[in-house]
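The values are calculated or read from the model by the stated rules, or taken from the named source; none is laboratory data. All figures in this text were calculated on a predicted structure; none of them were measured in a lab. Note that each Cβ is placed from the backbone with ideal geometry, even for glycine, and that neighbours are counted across all protein chains shown. With ligands, DNA and RNA removed, areas are computed over all heavy atoms of the protein, side chains included. Shrake-Rupley method; radii C 1.70, N 1.55, O 1.52, S 1.80 Å.
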Amino acid sequence: MSYADEVFKTMCKDILENGFSTDGEKVRPKWDDGSYAYTIKKFGVVNRYDLSKEFPALTLRKTSLKNSVDELLWIWQKKSNNIHELRSHIWDSWADENGSIGKAYGYQLSVKHKYKEGEMDQVDRVLYDLKNNPYSRRIMTNMYVHQDLSEMGLYPCAYSMTFNVTGDKLNAILNQRSNDILTANNWNVVQYAVLVHMLAQVSGFKAGELVHVIADAHIYDRHIPLVKELIERPSLPAPKFWINPEIKDFYDFTVDDVRLDDYEAGPQIKNIPVAV
């Protein structure tokens, strides 16, 4: 059984059985028909994935590696805030007429900051420290910048990464203020698992643990029957992760430099309603 499936099933069952319903509360998101999108939620969910043992892609249904990595590189490598540089349409609802999502996500990672070693953006600072100060306890990124929130199409959901080297392994904590469990949970887990593998490889380490901390882990009301059906599906063996060993510079990675081998999964859930 895939460990990612086990984590996902346990988390979903806990939310459904022990979560708090926001039905009737003052909420922001709405469905396409204008009605409010309520959730069942749990506060402070923490999931751990040992990337040295298994790649955490769900087998209950397939997570698109190419599209998730494309978005990851759009944010972390291109440091872009324009959806025209992204091949999927997941950000369309939050972009302006020019395709910009404002001072969000990639924009924040592109901003240069002054350090004693010189000017660097947040990604370059991480890369520098992993190579020069790998046992530092200060290797972090943050995209939740308060003075820029009013100019963001969407406040960052996955907003902070903390990196920590233990022995020869690179570990990381992904902090997320909010997570739509059905549509985005494994998508984010897969993305940041790939990021840890990429950063570990170019810095001379092995991928270690990814710890996913979610402040508000929620299942939307219209997703509940879909989630219940999904977690009753049988689990399959986890896929094998491949990363191009020739890549030594983070900025050289493309979506074709990673793949999942022997990836079998249950049928996709189509036409999932998305609250905005």
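Would you mind working out the accessible area per residue for the chain, using a 1.4 Å probe, and quoting it in Å²?
Numbers: 13370 Å² over 276 residues.
Per-residue value: 48 Å².
Specify whether the C-alpha gyration tensor of the range 101-178 places it in the rounded, prolate or oblate class, a ≥ b ≥ c being the square roots of the eigenvalues: rounded for a/c under 1.5, otherwise prolate if a/b is larger than b/c and oblate if not.
Working: a/c = 3.13, a/b = 1.52, b/c = 2.06.
It comes out oblate by the Cα gyration axes.
Report the Rg/Rh value for the range 76-229, based on alpha-carbon coordinates and the Kirkwood definition of Rh.
Result: Rg/Rh = 0.99.
Is the range 1-156 rounded, prolate or oblate when judged by the Cα gyration tensor, a ≥ b ≥ c being the square roots of its eigenvalues, rounded requiring a/c under 1.5 and prolate requiring a/b larger than b/c?
Values: a/c = 1.76, a/b = 1.24, b/c = 1.42.
It is oblate, given that a/c is not under 1.5 and a/b is not larger than b/c.
Once you have the Kirkwood Rh of the chain from its Cα pairs, apply Stokes-Einstein at 20 °C and 1.002 mPa s and quote D in µm²/s.
Answer from the Stokes-Einstein relation: 110 µm²/s.
Before rounding to the nearest 500, sum -39500 (n - 2.57) across all DSSP H runs of length at least 4 in the chain and divide by the residue total; then give [θ] at 222 nm in deg cm²/dmol.
-8500 deg cm²/dmol, from helical runs alone.
Tell me, what % of the accessible area of the range 89-190 is carbon and sulfur with a 1.4 angstrom probe?
Values: 2380 of 4960 Å².
For the range 89-190, the apolar C and S fraction of the accessible surface comes to 48 percent.
How large is the charge dipole for the chain, taken about the Cα centre, if only the Cβ atoms of Lys, Arg (+1) and Asp, Glu (-1) carry charge, to the nearest 20 debye? Kindly include the intermediate steps, with their values, before the conclusion.
Numbers: 33 positive and 38 negative charges, 115 e Å.
The calculated dipole for the chain is roughly 560 debye.
Taking θ as phi - 60°, what are the ³J(HN,Hα) couplings along the range 90-96 by the Karplus curve (6.51, -1.76, 1.60), each to the nearest whole Hz, with x for Gly and Pro?
5, 9, 4, 5, 10, 9, 8
Accessible area, 1.4 Å probe, largest first: how do 264, 151 sort?
264, 151
Within the chain, what percent of beta bridges assigned by DSSP are antiparallel, to the nearest 5? Display every interim value, and only then the final one.
Values: 34 of 44 bridges.
Roughly 75 percent of the DSSP beta bridges within the chain come out antiparallel.
How would 30, 53, 131, 79 rank on accessible area, largest to smallest, probe 1.4 Å?
On the way: 30 85, 53 165, 131 120, 79 30 Å².
Largest accessible area first, the residues go 53, 131, 30, 79.
Taking the alpha-carbon distance from residue 248 and a cut-off under 25 Å, which lysines remain once sequence neighbours fewer than 8 residues away in the same chain are dropped?
53, 66, 78, 79, 112, 131, 169, 206, 240
Determine ³J(HN,Hα), in whole Hz, for all residues of the range 22-30 in sequence, where each value follows from phi through the Karplus function 6.51 cos²θ - 1.76 cosθ + 1.60 and θ = phi - 60°; x replaces Gly and Pro.
8, 3, x, 7, 7, 10, 8, x, 10
Which listed residue (272, 88, 247) has the Cα farthest towards the positive end of the charge dipole for the chain, taking +1 on Lys and Arg C-beta and -1 on Asp and Glu C-beta about the Cα centre?
247
How large is ³J(HN,Hα) for each residue in the range 244-254, as worked out from phi by the Karplus curve 6.51 cos²θ - 1.76 cosθ + 1.60 (θ = phi - 60°), to whole Hz, x for Gly and Pro?
With the stated coefficients, the range 244-254 comes to 4, x, 7, 7, 10, 10, 3, 6, 8, 5, 10 Hz.
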